[in-house]
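Following: one structure in structure tokens, then a few remarks.
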Amino acid sequence: MKIKVAGVGLTKFGEIWDKSLLDLALEASKEAISDSRLALSQIDAVFVGNMLIGKIAGQDHLGPVIASSLGLSCASFRIEGACASGGLAVHLAIQGILAGTYKNILVVGAEKMSDAPITQITWALMGAGSSKERKAGLTFPALYALMAEAHMQKYGTTRKQLANIAVKNHYHASLNKMAQYPFEITVEQVLESSLISSPITLLDCSPITDGAAAVVLSADDSKKGVYITGSAVASDTIDLAERESLTELKATQIASKTALKQAGVEIKDIKIAEVHDCFTIAEILAMEDLGFCSPGAGGKFIASNATRLGGKCPVNTSGGLKACGHPVGATGVKQIIEITQQLRETAGQRQVKNANIGLTQNVGGTGATVVVHVLQN
């Protein structure tokens, strides 16, 4: 059985004051169902990826909230896996189709973050960390700063190499009308921006974002279309201090190996990728852990423009989390949409030539959960 991405729907990402989470989720969902050309009655289940709504707005039970608002009485689920909630929702929907339980599933990732005070968002996001990290007063910028410092000390990675990632992803976002920050920045602006947690500055960080993304996945053996041919999840310790190494995410290595094997391809076959650049160091780690380059070479690899549009394997053509935005529950689904649009050759100015195999990497927390998908046409 083959899993087809039958339909996609995406809202604008940003600070969207005039719409609720439900408004955003329904907008993306209706677009995805329309794109799939399926009747509403043909949707067998709704899987919702969301991390924060219960903590910041008191609304749990989000599956039936969205399903019933669409006029559906089918099975519905909310999936939470920190910032990997969207990717997990896609993965679990695939399992439901492969099991034969469902034929057509609507997967929605949605988050509304700008309505809550920054202190509440910071507290809610740290639910993806360990109790020890919270007691120590650590936040995710600080945790990723520790990984950045370790990488710099071990491999000589530089601040400029980190800044290059933000510059590249803002360039890609400048070509994406759905991005939160569709404009370019310079290396100097990144280096001179406010220090958040050394060596990470403000422009090394993904923003707080509202937005929704939706896909319709279907059991479909026809030849034409975009298919998810590999889907894998792996876990690691939730506490960063318990890891053997701070310069790698083992869950990425394990999940990518499994997903690539399922798809029958190797990393050298990947023509485009969307990876989880919540902070610039995360994209360097992704390049190394996925196998695009050797350990320690991520900074130089990205600086060579290999991952820029026109390079060997463009990465984060959407603008990534850094510039397209990071509504945490929606990000993993948005990644699937970007690769689908690229494989459909509907990405406009961002279009990668001859893109036929793509990969997504969605990370929860500091890598306690990683979801990797491979898409082909």
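Might you check whether a residue that is modelled with pLDDT of 95 or more, small (Gly, Ala, Ser) and under 23 Å from LEU321 (Cβ atoms) occurs anywhere in the stretch 93-103? Yes, because at least one residue in the stretch 93-103 is modelled with pLDDT of 95 or more, small (Gly, Ala, Ser) and under 23 Å from LEU321 (Cβ atoms).
Scoring LYS353 on the criteria (1) surrounded by 20 or more Cβ atoms within 10 Å (Cβ to Cβ); (2) closer than 21 Å to MET287 by Cα; (3) over 16 Å from the mean Cα position of the chain (by Cα) leaves a single failure, condition (1). The single condition among (1) of a type in the set (Lys, Arg); (2) touching an Asp or Glu at 6+ places or on another chain (Cβ under 6 Å); (3) more than 11 Å from ILE165 (Cβ to Cβ) that LYS334 does not meet is (2). A single member of LEU40, LEU26 is touching a helix residue (DSSP H, G or I) at 6+ places or on another chain (Cβ under 7 Å) and within 28 Å of ALA128 (Cα to Cα), and it is LEU26.
If you go through the stretch 114-141 one residue at a time, how many are outside any loop (DSSP other than H, G, I, E, B), among the small types (Gly, Ala, Ser) and in contact (Cβ under 8 Å) with a residue 40 or more places away in the chain? Steps first, please.
Step one: filter the stretch 114-141 for residues outside any loop (DSSP other than H, G, I, E, B), giving 118-128, 131-135, 140-141.
Then keep just the ones that are among the small types (Gly, Ala, Ser); that gives 124, 127-128, 131.
Now restrict to residues that are in contact (Cβ under 8 Å) with a residue 40 or more places away in the chain: 124, 127-128.
Residues in the stretch 114-141 being outside any loop (DSSP other than H, G, I, E, B), among the small types (Gly, Ala, Ser) and in contact (Cβ under 8 Å) with a residue 40 or more places away in the chain: 3 in total.
The set of residues in the stretch 123-145 that are within 19 Å of VAL328 (Cα to Cα), among the small types (Gly, Ala, Ser) and surrounded by 20 or more Cβ atoms within 10 Å (Cβ to Cβ) comprises ALA128, GLY129, SER130. Residues in the stretch 231-265 that are under 21 Å from the mean Cα position of the chain (by Cα) and either among the polar types (S, T, N, Q) or under 26 Å from GLU31 (Cβ atoms) (or both): SER231, SER235, THR237, THR247, THR252, GLN253, SER256, THR258, GLN262. Total residues in the stretch 181-217 satisfying the condition of being out of contact with any helix residue (DSSP H, G or I) (no Cβ under 7 Å at 6 or more places or on another chain) and either closer than 11 Å to THR280 by Cβ or surrounded by 22 or more Cβ atoms within 10 Å (Cβ to Cβ) (or both): the figure is 1. Here the stretch 293-321 is the region considered, the condition is being among the aliphatic types (A, V, I, L, M) and out of contact with any strand residue (DSSP E or B) (no Cβ under 9 Å at 6 or more places or on another chain), and the residue that is nearest to GLY156 (Cα to Cα) is ALA297.
Here the strands (runs of 3 or more DSSP E) wholly within the stretch 149-245 that include at least 1 residues being without any contact (Cβ under 8 Å) to a residue 12 or more places away in the chain are 195-197.
Here HIS326 meets each of (1) out of contact with any Pro (no Cβ under 7 Å at 6 or more places or on another chain); (2) touching a residue at least 60 places away in the same chain (Cβ under 8 Å) with one exception, condition (1).
Are there any helices (runs of 4 or more DSSP H) wholly within the stretch 12-109 with 1 or more residues that are buried (at least 20 other Cβ atoms within 10 Å of the Cβ) and touching a His at 6+ places or on another chain (Cβ under 8 Å), and if so which?
Once the helices (runs of 4 or more DSSP H) in the stretch 12-109 are filtered for at least 1 residues that are buried (at least 20 other Cβ atoms within 10 Å of the Cβ) and touching a His at 6+ places or on another chain (Cβ under 8 Å), what remains is 85-98.
The values are calculated or read from the model by the stated rules, or taken from the named source; none is laboratory data. Fair warning: this is a prediction, and the values are worked out from it, not measured in the lab. We place every Cβ from the backbone using ideal geometry, glycine too, and count neighbours over all the protein chains shown.
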